[in-house]
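Remarks on the structure that follows.
The values are calculated or read from the model by the stated rules, or taken from the named source; none is laboratory data. All values derive from a computational prediction rather than experimental measurement. Positions of Cβ are generated from backbone atoms using ideal geometry, with glycine treated the same way; all protein chains shown enter the neighbour counts. What goes into the accessible areas is simple: the full protein's heavy atoms, side chains included, and nothing from ligands, DNA or RNA. Shrake-Rupley method; radii C 1.70, N 1.55, O 1.52, S 1.80 Å.
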Amino acid sequence: MLHADCALCHSPGGTVLWQNEQLRVIDAGDALYPGFTRVIWTAHVVEMTDLTTAEQAELLRFVLLVEQVQRAELKPAKVNLAAFGNVVPHLHWHVIPRWQDDPHFPQAVWSALPQADAKAQAAQETRRAGVQQQLNAYHQALVTRLDSR
C-alpha cells in the first residue's frame, strides 16, 4: 500500500541497485559518504513492528548482507546502521561506511559538520576519491550477493 504524501512511496530514494517485491537497495549518492546505502521496505509502514516476524527477519537479513559487503569491499573502520524515519516516516535502514578521517567521525553523519584544517580536508578528499573508485566493484558485489541469497 502506498501513502499519498510519502516520498519513498513515490520515488526510489536514490539509485536502485537491486529490488524485489518486498524491498529495494539503493545507493544514496552522498558526496561525503560514498557507499552510503539504504534498504527501503516497499510497502508503506513506519516501524519494524509493523512487519510480521518473518518480514522483520527478512529485512534485517538484507541490512546485514549490505553491511557484510561494505566491510568486504570498502573496508571501512566502522559501519553505522540506523533506522530513524523522523524526516521520512517510511521504514528504511541506512547502512553507512565510516572512516576515522571522515568529516563527522566519531559523531553521527547527521551532526553539525565540524571545522577541519586543510590537511584533514585533503586526507578526507583523498580517501573519498579512493572509495569512489571502489563503488562499481562494491555495487557489483552487492548485486551478486543479493541475487544469490
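Brief remarks on what is shown
- Hey, ASP102 open to solvent by less than 20 Å² (accessible area, probe 1.4 Å), more than 18 Å from LEU146 (Cα to Cα) and part of a loop (DSSP other than H, G, I, E, B) or not: yes
- Residues that are surrounded by fewer than 18 Cβ atoms within 10 Å (Cβ to Cβ) and out of contact with any Asp or Glu (no Cβ under 9 Å at 6 or more places or on another chain), drawn from the range 66-79: GLN68, ARG71, ALA72, LYS75, LYS78
For (1) under 27 Å from LEU65 (Cβ atoms); (2) without any contact (Cβ under 8 Å) to a residue 24 or more places away in the chain; (3) within 17 Å of the chain's Cα centre (by Cα), each residue gets a yes or a no:
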{"residue": "VAL109", "(1), (2), (3)": "yes, no, yes"}
{"residue": "LEU113", "(1), (2), (3)": "no, yes, no"}
{"residue": "ALA129", "(1), (2), (3)": "yes, yes, no"}
{"residue": "LEU135", "(1), (2), (3)": "yes, no, yes"}
{"residue": "HIS139", "(1), (2), (3)": "yes, no, yes"}
{"residue": "LEU146", "(1), (2), (3)": "yes, no, yes"}
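- Hits in the range 109-125 - residues which are open to solvent by less than 50 Å² (accessible area, probe 1.4 Å) and closer than 17 Å to ASP30 by Cα: VAL109, SER111, GLN124
- Evaluating ARG128 against the criteria (1) at pLDDT below 95; (2) open to solvent by 40 Å² or more (accessible area, probe 1.4 Å); (3) not in a loop (DSSP other than H, G, I, E, B) leaves one unmet condition, (2).
- Residue that is farther than 16 Å from ALA108 by Cβ, of a type in the set (A, V, I, L, M) and open to solvent by 40 Å² or more (accessible area, probe 1.4 Å), where the choices are ALA83, ALA31, ALA43: ALA31
- Counting only residues that are open to solvent by 50 Å² or more (accessible area, probe 1.4 Å) and at pLDDT 90 or above, the range 87-99 holds 1 of them.
- Some residue of the range 49-57 being in contact with an Asp or Glu (Cβ under 7 Å, 6 or more places away or on another chain) and open to solvent by less than 50 Å² (accessible area, probe 1.4 Å): no
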